[in-house]
There are 2 protein chains.
Amino acid sequence: MDALPALDRLRIVLSRTSHPGNIGAAARALKTMGLAQLFLVQPRHFPHEDATALAAGAADILEQARVCASLEEALADTVFVAGFSARRRDLSHRALELREAAPELLDHAARGPVALVFGNETSGLSNDELGRCQVLVAIPANPAYGSLNLAAAVQLAAYEVSLAAGAHRVPLPRERALATAASVEALFAEIEAAAVSSGFLDPEEPGRMMERLRRLFARAGLEREEVNLLLGLFAALRSRGGKP
Amino acid sequence: MDALPALDRLRIVLSRTSHPGNIGAAARALKTMGLAQLFLVQPRHFPHEDATALAAGAADILEQARVCASLEEALADTVFVAGFSARRRDLSHRALELREAAPELLDHAARGPVALVFGNETSGLSNDELGRCQVLVAIPANPAYGSLNLAAAVQLAAYEVSLAAGAHRVPLPRERALATAASVEALFAEIEAAAVSSGFLDPEEPGRMMERLRRLFARAGLEREEVNLLLGLFAALRSRGGKP
């Protein structure tokens, strides 16, 4: 497979960005590395003159950027989601350094759209946003001050995947058909409904059950048929439970 | 030799920078990657509030930055000088891509100060400035639009030398408490019993459902707490199912 189509299937998703200048600078960063897909989830200000100014020669990337009402919408048709996070998390997301993640992201892109998600400048990715990611990607940084500017982090990510694409012309044969984010969300909704209706989960006090299950299935990387199987199983359990 | 002293001997030299915001953003980029030496040759505006604002938590790098009247002054004590240039030059400079240049720069830094020189935002390095460089370093970029922002280029350079120095390892997530094989078998038995009692699975014709689920959970690598959670969930679904 040619390298460029794989890069075209990588989308940069900026969630809840506060400063429009960062959106423009990120668009420029994408374009310098040959990427083009920019998704904006609930940007505080967009379009905005600061975004346009900092995009410089990448105005076309901004014009084609898709503004989404939710992260779920931005991820709906993706087959793999990587969240960028500087902080150490104590839950069991698989974590990779950017350089080792890059070829894996391209492998997944051979099969469908792949999202690289960046959270808000100040607060990063929320737990809910993290719950939609299959892997966390960390940019190695100074432990005493690892606060990269958002567009700088996007620049590094775009650089690494671009270099990996150049060095990565032979795709691995993969026969697995991965589930889309939308179908996985439907599965989580079904599991939650079943857990509530059985009395196992108190909807008033959901605790961390769904968060834990999200992380478990994210690690596994669900296939399309597995989602269908689990959807059927939980629906049957919800409607009929144990037969008398 | 320890990696950190080598990084301390790498200096970023920004020559004739037009926009003070880029100086601040470059200071932040340096600090996030564990570099600290910033030299400014004839900056158009410095100090400046835009520089301070964009430096964010790297104000110390700005305060310690050395302002020089000439590139010659900034390079006086260096043992090796690398010029960053996006354009193709037909002069007889040795040219390297950033990734291959990074370890060489560190090698030289073992012997003394090494400069990474970045020219003006618009015009790049002048011929006179190029004449003071021993090697040209290029950042691989989109041939159709390779115009990196100055601070973005500094970020990439600092990232590559920092990784080459092995300076910052991303800590691995905490050790996970994996489930024992016996507890995983107990979980599979519970899932199968629930699937049969709901009518979803015909015990006479089990098909490949359990085989598929085994493969899925094997990929994920179940943790002890996840097994307990799933055991509880399936047991509740089996005994109560959907409440009437």
Scan of the range A:176-187 for residues that are over 17 Å from the mean Cα position of the chain (by Cα) and open to solvent by less than 20 Å² (accessible area, probe 1.4 Å), ordered by number
A:Leu187
How many residues does the range B:188-244 contain that are crowded, with 20+ Cβ neighbours inside 10 Å, touching a helix residue (DSSP H, G or I) at 6+ places or on another chain (Cβ under 6 Å) and of a type in the set (Phe, Trp, Tyr)?
1
How about the range A:2-35: which of its residues are open to solvent by 20 Å² or more (accessible area, probe 1.4 Å) and within 10 Å of another protein chain (Cβ to nearest Cβ)?
A:Ala25, A:Arg28, A:Lys31, A:Gly34
Count, please, the residues in the range A:107-132 that happen to be in a strand (DSSP E or B) and crowded, with 21+ Cβ neighbours inside 10 Å.
5
For B:Ala102, state whether it is open to solvent by 20 Å² or more (accessible area, probe 1.4 Å) and outside any strand (DSSP E or B).
no
Take the residues in the range B:5-30 that are among the charged types (D, E, K, R) and at pLDDT 95 or above; name whichever of them is nearest to A:Val154 (Cα to Cα).
B:Arg28
For the range B:31-72, what are the residues that are of a type in the set (A, V, I, L, M, F, W, C), within 23 Å of B:Leu156 (Cβ to Cβ) and more than 27 Å from the chain's Cα centre (by Cα)?
B:Val41, B:Phe46, B:Leu71
Among helices (runs of 4 or more DSSP H) lying entirely in the range B:1-88, which contain 3 or more residues that are in contact with a Gly (Cβ under 8 Å, 6 or more places away or on another chain) and hydrophobic (A, V, I, L, M, F, W, C)?
B:3-8, B:49-55
Based on what the data block shows, is A:Ala95 out of contact with any Asp or Glu (no Cβ under 8 Å at 6 or more places or on another chain), closer than 24 Å to A:Thr180 by Cβ and facing chain B (nearest Cβ under 7 Å)?
yes
Out of the range B:202-227, which residues are in contact (Cβ under 8 Å) with a residue 40 or more places away in the chain and not hydrophobic (A, V, I, L, M, F, W, C)?
B:Gly221, B:Glu223, B:Arg224, B:Glu225, B:Glu226
Pairs with Cβ under 6 Å, 6+ apart, first in the range B:133-162 and farther than 24 Å from B:Pro20 by Cβ, second outside any loop (DSSP other than H, G, I, E, B) and of a type in the set (Asp, Glu)
B:Ala138/B:Glu97; B:Pro140/B:Glu97
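The values are calculated or read from the model by the stated rules, or taken from the named source; none is laboratory data. In this text the structure is predicted, and so the values were computed from the model without any measurement. FYI the Cβ positions are ideal-geometry reconstructions off the backbone, even for glycines, and counts take in every protein chain you see. In case anyone asks, the SASA skips ligands and DNA or RNA and just uses the protein heavy atoms, side chains included. Shrake-Rupley method; radii C 1.70, N 1.55, O 1.52, S 1.80 Å.
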